[in-house]
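Worksheet: the structure to be examined is printed underneath.
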Amino acid sequence: MPAPRPRPRATRNRPPAPHRRRRLTDAWPVAIHLPALPDAVTHADALRAELSRAARTLGAPDDVSPILERPRDPSFGDWATNLAMTLAKPLGQKPRDIATALIAAMDTASVGVTAAEIAGPGFLNFRLDPGFQARGLLTILESPDTFGRLDIGHGARVVVEFVSANPTGPLHVGHGRQAALGDAISTLLEYTGWNVDREFYYNDAGAQIANLAKSTQAQVRAIGGAPLEIPEGGYHGDYIREIAERYVAEHPDDAAGDNLSAMQAYAVAALRHEQDLDMQAFGVKFDTYYLESSLYTDGLVNKTVEGLQASGHTYEEDGALFLRTTDFGDDKDRVMKKSAAKGGDYTYFVPDVAYHVTKWERGYHRAINVQGADHHSTITRVRAGLQALDIGIPTGYPDYVLHQMVTVMKGGEEVKISKRAGSYVTVRDLIDEVGRDAVRYFYLMRKGDSQLVFDVDLARSQSEENPVYYVQMAHARMCGIFRVGEIDATTVTGQGVDLGVLSEPAEQELVKQLLDFPATVKGAADNLEPHRIAAWLLETARAGHTWYHKHHVLGEPEAITRARLVLARATQLGIAAGLRILGLSAPERM
RNA sequence: GCGCCUAUAGCUCAAUUGGAUAGAGCAUCUGACUACGGAUCAGAAGGUUGGAGGUUCGAGUCCUUCUAGGCGCGCCA
């Protein structure tokens, strides 16, 4: 991290703060009592329900579910719906006539609507009472840990598999994107009621591992004085040399490098450890590690092959065993077992099918795989294998979240990502250079299906102009209010506070923005798109900074200070919640 | 040749899943510090949403086609 930019020192001197913190309830008497929202639903839910009720009285179907939207132009009101337009056909009436009838049929006052207008082809625009709307903030203060949480998953188990790198080298920036995405998606699902396990699948069997062993052997023998001869398809990175040196030091009995299986085990263990450290530095924690090799030792690969053969979707040709994946939408059939001339091994997708059978049988009726787009051709194969087995696995199983490739620019040039060449930027490099929070945010502020150019120099130089600092600063500022005011923020409850005084435009905008959080979480979780949270954070931070700059909290008339403390607390908690979903820290001061 | 992804402001990206005048950040320009942190704020400028058709009350979003880029298409993993 570069040294912080020098900035002017504050000239004000402040007497040392006493450490006593005042409880708000001690300071001010409770004067006003407002009823809480019914059953903790948001004002939008209440408005939607009232709209539905009114629509049914006009003859709309029972399952009518109006869509409420925030108008792009705030002058149109707080909420808008196109319900009248969607009802035009089923009811056989003009949209604007339906809109008029809807307004007449609604009990607007009960849902805090102060004005309802018809606009354009038949939009209905609603304006809400500021105090009614602001009361939604109380749900944040009352249960900050559940704000934005929904129960969509009903506790069902879901496994999110990501990173899943071969233990043949350190983790590169593409794995970093997976780690950030997979972890954030997992947290999003937890927020929406799923019982999530994060899983890392180790391809610790097969040709790549054999190459790793031989590469290590070559380096071990080179240490003993032999000429260095890295085998065809082997690994050239310096890290192999380091592993070989440690192996020699710890295995004096095998200085000649004859024990290939010992070297393989040693190298795999060393690289797995290395990857664990990388993920630890990134703040990602996996619940389970699944080893490909165990699929063989437990007989699951053979069992899967037998199942596929029994299904009648296999055939032999040219001495190899094929799976008729074209029965399931593939454009050509795929080899399961190589011919004897090619070694007679299973191709890699066979253990992959076996692995996904275990996901299903381990009780995960939903599975999400986060992978690079270069793996997309395997989707059809794995799903075809699961369908061919005909053991009750649904056709869309598992879900895939594919992210496009990450290219790395450094010094104005693209850095080649190649394990074999040993020249690439690792996740650890990025974390060391720009910090964990900034790396995560950079990965997550973009949609996964667009390509990502990670310019290392730019990321480093931007580290102070970075959006993540902007967001975290907004959080720290809210914390600063309570710090300076010597108020214990956790005692701010909003009980008896008249939130109707939050009538400034900047305040209403901030309130609306905060209350959009649950809908944003739902949208992000439904679509497995964490970048929506990043965008929400940026907008919330902007609204927070604007409000902070325009209006003061401390030192205002009591009623205003009390209401604004509620807003400051809600902003602090809301931003912290968003940051937490993305795996970023929410510093109280920066 | 086939399949998947992408194309939006100078740059990096959004756009509530088909809604109203397409929005942010960075960069540029002009302003604002003796109040809770200026790592901030206010404002300006920046667009034929790659091109052309189509679907409808309404398209950046859906369909067709063309162009450009990325990734795949192996008895590699």
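The values are calculated or read from the model by the stated rules, or taken from the named source; none is laboratory data. Keep in mind that what you see is a predicted model, and the values were worked out from it rather than measured. Backbone-built Cβ (ideal geometry, glycine too); neighbour counts: all protein chains shown. Just the protein is used for accessible areas: all its heavy atoms, side chains included, with ligands, DNA and RNA removed. Shrake-Rupley method; radii C 1.70, N 1.55, O 1.52, S 1.80 Å.
The number of residues in segment A:547-590 being open to solvent by 50 Å² or more (accessible area, probe 1.4 Å) and near RNA strand B (Cβ under 9 Å from one of its atoms) comes to 10. Here segment A:470-499 is the region considered, the condition is being over 15 Å from A:Pro587 (Cβ atoms) and modelled with pLDDT under 90, and the residue that is nearest to RNA strand B (Cβ to nearest atom) is A:Gly494.
Evaluating A:Gly206 against the criteria (1) touching a helix residue (DSSP H, G or I) at 6+ places or on another chain (Cβ under 8 Å); (2) within 13 Å of RNA strand B (Cβ to nearest atom); (3) open to solvent by less than 40 Å² (accessible area, probe 1.4 Å) leaves one unmet condition, (3). From the list A:Val484, A:Val497, the lone residue that is among the β-branched types (Val, Ile, Thr) and either buried (at least 23 other Cβ atoms within 10 Å of the Cβ) or not in a helix (DSSP H, G or I) (or both) is A:Val497. Just a yes or no: is a residue in segment A:268-289 under 30 Å from A:Ala388 (Cα atoms), touching a Pro at 6+ places or on another chain (Cβ under 9 Å), surrounded by 17 or more Cβ atoms within 10 Å (Cβ to Cβ) and acidic (Asp, Glu)? No, there is no match, as no residue in segment A:268-289 is under 30 Å from A:Ala388 (Cα atoms), touching a Pro at 6+ places or on another chain (Cβ under 9 Å), surrounded by 17 or more Cβ atoms within 10 Å (Cβ to Cβ) and acidic (Asp, Glu). Filtered by the rule that a residue be in a loop (DSSP other than H, G, I, E, B) and either on the phi > 0 side of the Ramachandran plot or at pLDDT below 90 (or both), segment A:168-208 gives A:Thr168, A:Gly169, A:Pro170, A:Leu171, A:Gly193, A:Asn203, A:Asp204, A:Ala205, A:Gly206.
Residues that are basic (Lys, Arg) and free of Cβ contacts under 8 Å to residues at least 24 places away in the same chain were ranked within segment A:328-377; the one that is surrounded by the most Cβ atoms within 10 Å (Cβ to Cβ) is A:Lys338. Considering only residues of segment A:310-327 that are out of contact with any strand residue (DSSP E or B) (no Cβ under 8 Å at 6 or more places or on another chain) and touching a residue at least 12 places away in the same chain (Cβ under 8 Å), which is nearest to A:Ile379 (Cα to Cα)? This residue is A:Asp327. Considering only residues in segment A:72-104 that are within 19 Å of A:Ala44 (Cβ to Cβ) and surrounded by fewer than 16 Cβ atoms within 10 Å (Cβ to Cβ), the one that is farthest from RNA strand B (Cβ to nearest atom) turns out to be A:Pro74. Scanning segment A:103-143 for residues that are under 22 Å from A:Pro74 (Cα atoms) and in a helix (DSSP H, G or I) gives A:Ile103, A:Thr108, A:Ala109, A:Val111, A:Pro130, A:Gly131, A:Phe132, A:Gln133, A:Ala134, A:Leu137.
Consider segment A:521-541 and keep the residues that are under 25 Å from A:Arg564 (Cα atoms) and surrounded by fewer than 20 Cβ atoms within 10 Å (Cβ to Cβ). The one that is farthest from RNA strand B (Cβ to nearest atom) is A:Glu539.
Restricting A:Val163, A:Val220, A:Val159 to those that are in a loop (DSSP other than H, G, I, E, B) and crowded, with 22+ Cβ neighbours inside 10 Å reduces the list to A:Val163.
Of the residues contained in segment A:296-319, none is found to be closer than 28 Å to A:Leu528 by Cα, acidic (Asp, Glu) and open to solvent by 50 Å² or more (accessible area, probe 1.4 Å). Among the residues making up segment A:502-523, those that are of a type in the set (A, V, I, L, M) and in contact with a His (Cβ under 8 Å, 6 or more places away or on another chain) are A:Ala506, A:Leu515.
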